[in-house]
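Step one of this worksheet: look at the structure below.
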Amino acid sequence: MRKEEAYGYLMAAPAILGFFIFTLGPLLASLWLSFTDYSVTNVYKFVGLANYKRLFSGADPFFYKSLGVTLYYVALSVPITIVSSFLMALLLKQKFKGRGLVRVIVTMPSIVPAVAVATIFLWLLNPDIGLFNEILRALHLPTSQFIYSETTVVPTLAMMNIWTMGSTMLIFLAGLENIPEQYYEAADVDGGGPIYKLFHITIPMMSPTIFFNLIMGLINGFQTFTQAYIMTEGGPNNASLFYSVYLYREAFTNQRMAVACALAWVLFVIVLLLTLVVFRTSGWVYYEGDRQ
Amino acid sequence: MKLRRPILGLLLVALMVAAAVPAVVFAQKSDIKLTFTYWGSTYEKAVIEAAIKSFTEKTGIEVEPMIIPTDYETKLLTMIAANDAPDVGYLGPPTAYKWFRDGHLVDIKELFESDPSVKEEDFIDGAIFRYGDSIVGVMNNLESFAIFYSKAAFEEAGIDNVPTKPEDAWTWDEFVEIAKRLTIDRSGRNALDPNFDPKSIRQYGVYMNLWSGPFEALLLRNGTQYFPGMSDETGIGTPAFNEVFQKIADLMHVHHVMPTPTAAQSMPAPAVSLQSRRYAMVIDGQWVCNDFAPIEELEYGIAQLPKMTSTTAVYSGALGVIFSSSKHPEAAWQLLQHITSVEESTELFRDGLWMPNKKAYYVDEDKIALWASESRARVPGYRDVLVDPIVYDSEVTGEVYVKNFGDINNILFPALDQVWAGKKTVDQVITEIMPQLEPLLEGSIR
């Protein structure tokens, strides 16, 4: 028994050590470095809160801009993704011929590397020769500049995010499969229609899953990087300068690693606070067996 | 389990031996081993690797070349952070300046003094990046800007007498007129025609990639710069400075002879766009000769950039630098000399990518012939447009001497997106961003 226990720890050791050395270590180091003027190449010194002051005082013109852009993106993309993947999950829960195949097709895009997706969408979204505007033109509808206009770039990227809803949808689907059939049968007996079932059985029963996806969506949304990095480089006129893109630029292009560390911690606190707020206001989430 | 253990042990031993063998072999081959980092295309990689091979044959010094095609400085930064900096490599000037101050780069002044075979005076002056009495790096090669045009497009529009000598350069108005004759809509009308349709352009008169390089070339020709004459007095926001940017914006929105950045997104690379007549002229760095030369269907010519108040040419280039952590700075210096010599890396120069960094290759006929004699990459007029001006009337890029060059451009160019979109004028945009720019306008390094 003792030996087995030791083996248990031994087997878990790589993961535990990995966490301490490669995750917690750098995490704490970055906290310390955010109070210095570290730029990788210099002999750094402690500068107190100077990096944070630089950010919050607006001395760096991009901090509030990138924060605003990211909040806007999160506010758009999280509801869009949750609603669309929830609806898709409802659809794919229905029994129809070829359901398995359709499920695979819908899930597949989420395993395509983000860079490949970005590159393909660059073509699709091209205002002059892209497929989307071609379709709009064929339907005699007004065309869009998509990612090439300050006003449409963030909504476009948020819509593009639907493409990778597969993983969120899978979680919803798993949740849907878990709702006991008796509830629906009971509703049938009472004469409840599909809308009634959706709002009085499905959504309440799914609320923990929705809640989980909401939190994950928020966290991922704030960390959005790839699309903007590959497709827009933050433009036009910094309209898609996401927080993570800005952080990367500070760290590696502008070589202000300490400022980038401070940015990372500010982001951490923002996401933490937001998550807390969501938790505090989670009265709408129904847990089976809990007192309401 | 009992059976497997010895097998596992054997495997481990075998792995260790396998890992150790190459190390032993290399250690016997040579005492000095250099790591060399650079960027470039696959074409460049082949030429550089050949030059390195000949260097090893000549000197017995082993070199490990490491090509980093994208995010070069990011990669180098992580190498430095891991105490694994290369011995020698390319570097962009603003970063070189910073890393030199941080003590990561060798003062090349000392290497010049220790090496009797090269003298500072041999080099084009601006190619040597000085900081106080020290030398941060030497440009491996020079680059400068010109107009490249499709001969077929010019013939069709009946344009001849294309200026190659600086004194014959088009004025800006002449240039706009030429560009209009070369901009053709889908019904075949050019931009001078009153019925010209700017919404369906088949061939644009001119294209220019909107980054600081070609703008510096045009700014100099309007008598200004980010910091004219390497002074501490900025040109940004002055009428001459703003005028250049506005003139380019007007090419898009007033004259309709140049695609907006959005429209340009759907165009192929300049070489193909010239060949397929989407563009008639391209303002670009001379390195594009390397892309143009292999396209047999493309007959291209070269012209002087338009003249506004001056014809001074700008030149730039990546620096060769040596890292302080190197144990063999002299060997690294020799390697840089070897790779950047016209005799050793002839193809890089002759096939269009590079211009030499030493004066002799611009004045000595035999030496000029080595890299600039007529070919698909060095078309007639090349010498007038790009070789002679370097020694007679040129100035080095602001990248080398303007403090905060990168930070300034980080603010300037995104803001200019509003101008390229046709929403604001250059004056409006620069007035708006001036409060952000002011703390960065700290003058020149020297």
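The table below lists the values:
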item	result
Members of segment B:351-367 that are more than 23 Å from B:Ile147 (Cα to Cα) and in a loop (DSSP other than H, G, I, E, B)	B:Lys359, B:Asp364
Hits in segment B:33-73 (condition: under 16 Å from B:Ser345 (Cβ atoms), within 20 Å of the chain's Cα centre (by Cα) and part of a helix (DSSP H, G or I))	B:Thr42, B:Tyr43, B:Glu44, B:Lys45, B:Ala46, B:Val47, B:Ile48
Number of the exception - B:Trp211 against (1) of a type in the set (Phe, Trp, Tyr); (2) touching a strand residue (DSSP E or B) at 6+ places or on another chain (Cβ under 7 Å); (3) surrounded by fewer than 21 Cβ atoms within 10 Å (Cβ to Cβ)	(2)
Pair list, Cβ under 9 Å, 6 or more apart: segment B:184-202 residue not assigned by TED's automatic domain parsing to the domain that holds B:Tyr279, other residue among the basic types (Lys, Arg)	none
B:Pro356 vs. criteria under 27 Å from B:Glu120 (Cα atoms), of a type outside the set (A, V, I, L, M) and outside the structural domain of B:Met252 (by TED's automatic domain parsing)	yes
Filter result for the condition that a residue is in a helix (DSSP H, G or I) and modelled with pLDDT under 90, over A:Gly283, A:Gly289	A:Gly283
Where a residue in segment A:52-65 is within 12 Å of chain B (Cβ to nearest Cβ) and more than 14 Å from A:Trp265 (Cβ to Cβ) and its partner, wherever it lies, is among the β-branched types (Val, Ile, Thr) and open to solvent by 40 Å² or more (accessible area, probe 1.4 Å), with Cβ under 9 Å and at least six apart	none
Evaluation of A:Ile210 against (1) surrounded by 16 or more Cβ atoms within 10 Å (Cβ to Cβ); (2) more than 13 Å from chain B (Cβ to nearest Cβ); (3) over 22 Å from A:Pro79 (Cβ atoms) (one fails), failing number	(3)
Count - residues of segment B:254-274 that are within 13 Å of another protein chain (Cβ to nearest Cβ), touching a Leu at 6+ places or on another chain (Cβ under 7 Å) and surrounded by 19 or more Cβ atoms within 10 Å (Cβ to Cβ)	0
Selection from segment B:340-350 of residues that are buried (at least 20 other Cβ atoms within 10 Å of the Cβ) and outside any helix (DSSP H, G or I)	B:Thr340, B:Val342, B:Ser345
Residue pairs meeting the criteria (Cβ under 9 Å; at least 6 apart or on separate chains; first within 18 Å of B:Ala372 (Cα to Cα) and open to solvent by less than 10 Å² (accessible area, probe 1.4 Å), in segment B:302-319; second of a type in the set (Gly, Ala, Ser) and assigned to a loop (DSSP other than H, G, I, E, B))	B:Ile302/B:Gly381; B:Ala303/B:Ala169; B:Ala303/B:Gly381; B:Gln304/B:Ala169; B:Gln304/B:Gly381
Residues of segment B:98-136 classified as more than 14 Å from every other protein chain (Cβ to nearest Cβ), exposed (fewer than 14 other Cβ atoms within 10 Å of the Cβ) and closer than 17 Å to B:Ser326 by Cα, total	1
Criterion violated by A:Pro155 - all others in (1) surrounded by 14 or more Cβ atoms within 10 Å (Cβ to Cβ); (2) farther than 25 Å from A:Phe63 by Cα satisfied	(2)
Subset tally (residues that are open to solvent by 10 Å² or more (accessible area, probe 1.4 Å) and at pLDDT 95 or above) for segment B:279-298	1
Selected residue (only one of A:Asp128, A:Asp60 is touching a Lys or Arg at 6+ places or on another chain (Cβ under 6 Å), at pLDDT below 90 and charged (D, E, K, R))	A:Asp60
Selection count where residues are open to solvent by 10 Å² or more (accessible area, probe 1.4 Å), part of a helix (DSSP H, G or I) and within 14 Å of chain B (Cβ to nearest Cβ), scope segment A:227-244	4
Subset of segment B:394-446 that is in contact (Cβ under 8 Å) with a residue 40 or more places away in the chain and of a type in the set (Lys, Arg) - its residue that is surrounded by the most Cβ atoms within 10 Å (Cβ to Cβ)	B:Lys403
Number of positions in segment B:142-162 that are under 22 Å from B:Phe215 (Cβ atoms) and open to solvent by 10 Å² or more (accessible area, probe 1.4 Å)	3
Counted residues, segment B:74-91 - those being buried (at least 20 other Cβ atoms within 10 Å of the Cβ), within 12 Å of another protein chain (Cβ to nearest Cβ) and within 23 Å of the chain's Cα centre (by Cα)	3
Residue match in segment B:332-339 (condition: buried (at least 18 other Cβ atoms within 10 Å of the Cβ) and in contact with a Pro (Cβ under 8 Å, 6 or more places away or on another chain))	no
Options A:Thr275, A:Thr253: the member that is hydroxyl-bearing (Ser, Thr, Tyr), more than 23 Å from B:Gly406 (Cβ to Cβ) and either more than 14 Å from chain B (Cβ to nearest Cβ) or in contact with a helix residue (DSSP H, G or I) (Cβ under 9 Å, 6 or more places away or on another chain) (or both)	A:Thr275
Counted residues, segment B:64-90 - those being of a type in the set (Phe, Trp, Tyr) and out of contact with any strand residue (DSSP E or B) (no Cβ under 7 Å at 6 or more places or on another chain)	1
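Here's the yes/no breakdown for (1) among the acidic types (Asp, Glu); (2) in a loop (DSSP other than H, G, I, E, B):
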{"site": "B:Ala369", "(1), (2)": "no, no"}
{"site": "B:Pro380", "(1), (2)": "no, yes"}
{"site": "B:Val391", "(1), (2)": "no, no"}
{"site": "B:Gly406", "(1), (2)": "no, no"}
{"site": "B:Asn410", "(1), (2)": "no, no"}
{"site": "B:Ala415", "(1), (2)": "no, no"}
{"site": "B:Asp427", "(1), (2)": "yes, no"}
{"site": "B:Glu442", "(1), (2)": "yes, yes"}
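For (1) of a type in the set (Lys, Arg); (2) part of a helix (DSSP H, G or I); (3) open to solvent by 80 Å² or more (accessible area, probe 1.4 Å), each residue gets a yes or a no:
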| site | (1), (2), (3) |
| --- | --- |
| A:Glu5 | no, yes, yes |
| A:Leu10 | no, yes, yes |
| A:Gly18 | no, yes, no |
| A:Ile21 | no, yes, yes |
| A:Gly25 | no, yes, no |
| A:Leu28 | no, yes, yes |
| A:Val40 | no, no, no |
| A:Thr70 | no, yes, no |
| A:Ala75 | no, yes, no |
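The values are calculated or read from the model by the stated rules, or taken from the named source; none is laboratory data. Since we're looking at a predicted model, the values are computed, not measured. In this analysis, Cβ positions are derived from the backbone assuming ideal geometry, glycine residues included, and neighbour counts consider all displayed protein chains. For accessibility, only protein heavy atoms count, side chains too; no ligands or nucleic acids. Shrake-Rupley method; radii C 1.70, N 1.55, O 1.52, S 1.80 Å.
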